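To start, the structure under review is shown below, and the notes come after it.
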Amino acid sequence: MGRGKDSKGLRLGGLWGHSDFMKLWVGETISSLGAQVAALAIPLTAVIALQSSALETGLLKAAQTVPFLFAVFAGVWVDRHRRRPLLVGANVGRALVLALIPLAAVLGWLHLWYVCAVALLLGVLNVMFDTAYQSYLPSLVEREHIIEGNSKLFSTQAAADFAGPTLAGILIQTLTAPIALAVNSVTYLFSASALALIRKPEVAPAQPEQRANVWKDIAEGFNVVHRHPYLRAFVGEAATFNLFFGGFMTTVFLVYAVRHLGMNALHIGVITSAGAVGVLLGALVAGAMAKQYGLGRTILIATVIGCSIPLAYALANPGYSLVANMAILMTAEFITGFATVVMNIHLVSLRQTITPDRLLGRVNATYRTYIYGAVPVGSILGGLLGTLIGLRAALVVGGLGLATGILWILLSPVPRLLTMPAAGSLEQGLSGTESSSGVDVGNP
């Protein structure tokens, strides 16, 4: 075959010749770059501009993530409608909502409750976008290209994560945190435009013959995740990770870094960028690791590393120099970023591969209900514990709690998984059987 397109419209070399995927990819890269500004600027608006305490910072973090507790309703909506219009609408909405913070700053209306309200609205739109986004990729590319697609998306997201926090630190230092959010607002509009240019028609979901029951649909999504041994293990580990790291430790660390380690927005941005370098490297080698060690063992190794290394955050000490503390935290961020993206690439690809399209939105939403619903709980718990026992002691507690996430994978059948199961094989997992090509029964 020559260098033209194959029978499925892809040039040789995978997704590089897939114009619609490239639009999705470029749009998400730009959006991810801008999102890093918001990820740092919103909490720093509270910590620096509004002098929020650890508990108030935790409440703000909770406002950003509590909408994920209701992600199951978004999952039902995604399974009943075309996904691309939802993605475009969510990005336009996020652009408008983020613009409210710089507007309030200019008008002198900026208060903590106002920032929390904006964070809550942004969280609602994030729920809709994220649920539709991971459900859309399998309808845009062939299933044999899903791992490649996720690897490309994760790798360029990592590149954005690397440049984004440093850019955010510079913008925040020069423009202030609220004004820097205007940059993020513009990037969401770019992403919406790129998604709107995708030409591949999206088949409308089949409508049920009888009137749909929302609660029954939601229950079906939960039932699938609870009963399937792989999905159950992954959601348990991810919820534990987000409870103790995504909510608990990040909330405590931000206040600890500013108040006790003498760091500013640029320092924190550089530390976060080190994690993004790890993510980029992990995205590049994730496929090779699975071929070398087997899919299940790769996931287990990545889980052990990703759930244990963050305990090193507590090693940062006000008695050390700024350079020493930066080195400790950047190393921990790098290793954690590497390990978590290796696991996430295979987790997302596995979920998209084995789940039938009619269930994908609800399965993704059930995941988000658990893993992002854990963040506000962790944020409030971290803020309370940081106030009661001190910020550094709270980091130790968070690190030890995070390490318990390893048990979800270790005690499951996941480590025996050698290769990706067959497409649509979710029902086999629910009935207690697995594809013989995907499981090595001789290695516990």
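Couple of notes before you dig in:
- Identity of the residue in the stretch 264-286, of a type outside the set (A, V, I, L, M) and over 19 Å from the mean Cα position of the chain (by Cα), that ends up nearest to Ile146 (Cα to Cα): His267
- Leu261 vs. criteria within 22 Å of the chain's Cα centre (by Cα), over 22 Å from Tyr367 (Cα atoms) and surrounded by fewer than 24 Cβ atoms within 10 Å (Cβ to Cβ): no
- Pairs with Cβ under 8 Å, 6+ apart, first in the stretch 399-417 and among the charged types (D, E, K, R), second surrounded by fewer than 21 Cβ atoms within 10 Å (Cβ to Cβ) and in a loop (DSSP other than H, G, I, E, B): Arg416/Asp440; Arg416/Val441; Arg416/Asn443; Arg416/Pro444
- Taken together, the residues in the stretch 248-268 that are modelled with pLDDT under 85 and over 22 Å from Pro178 (Cα atoms) amount to 2.
- Apart from one condition, Pro85 fits all of (1) farther than 22 Å from His145 by Cβ; (2) of a type outside the set (Gly, Ala, Ser); (3) buried (at least 23 other Cβ atoms within 10 Å of the Cβ); (4) at pLDDT 75 or above; the exception is (3).
Per-residue answers, yes or no, for (1) within 25 Å of Val323 (Cα to Cα); (2) in a helix (DSSP H, G or I); (3) touching a strand residue (DSSP E or B) at 6+ places or on another chain (Cβ under 7 Å):
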residue	(1), (2), (3)
Phe222	no, yes, no
Gly236	no, yes, no
Thr251	yes, yes, no
Met263	yes, no, no
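- Where a residue in the stretch 76-90 is touching a residue at least 12 places away in the same chain (Cβ under 8 Å) and its partner, wherever it lies, is surrounded by 24 or more Cβ atoms within 10 Å (Cβ to Cβ) and β-branched (Val, Ile, Thr), with Cβ under 6 Å and at least six apart: Val78/Thr131
- Of all residues in the stretch 303-349, those being surrounded by 22 or more Cβ atoms within 10 Å (Cβ to Cβ) and more than 16 Å from the chain's Cα centre (by Cα) number 8.
- Single match in Leu391, Leu402 (criterion: closer than 23 Å to Arg259 by Cβ and surrounded by fewer than 24 Cβ atoms within 10 Å (Cβ to Cβ)): Leu391
- Within the stretch 55-81, tally of residues that are within 11 Å of Ala365 (Cβ to Cβ) and either touching a Leu at 6+ places or on another chain (Cβ under 7 Å) or acidic (Asp, Glu) (or both): 2
- Every pair of residues 6+ apart whose Cβ atoms lie under 8 Å, when the first sits in the stretch 100-117 and is on the phi < 0 side of the Ramachandran plot and surrounded by fewer than 17 Cβ atoms within 10 Å (Cβ to Cβ) while the second is part of a helix (DSSP H, G or I) and among the acidic types (Asp, Glu): none
- Residue ranges of helices (runs of 4 or more DSSP H) in the stretch 46-148 with at least 3 members more than 30 Å from Gly386 (Cβ to Cβ) and among the aliphatic types (A, V, I, L, M): 71-80, 83-98, 100-107, 112-140
- Check on Val97, touching a residue at least 60 places away in the same chain (Cβ under 8 Å) and crowded, with 18+ Cβ neighbours inside 10 Å: no
The values are calculated or read from the model by the stated rules, or taken from the named source; none is laboratory data. Because the structure is a prediction, the values reported are computed rather than measured. Cβ sites come from the backbone with ideal geometry, for glycine too, and all protein chains shown count toward neighbours.
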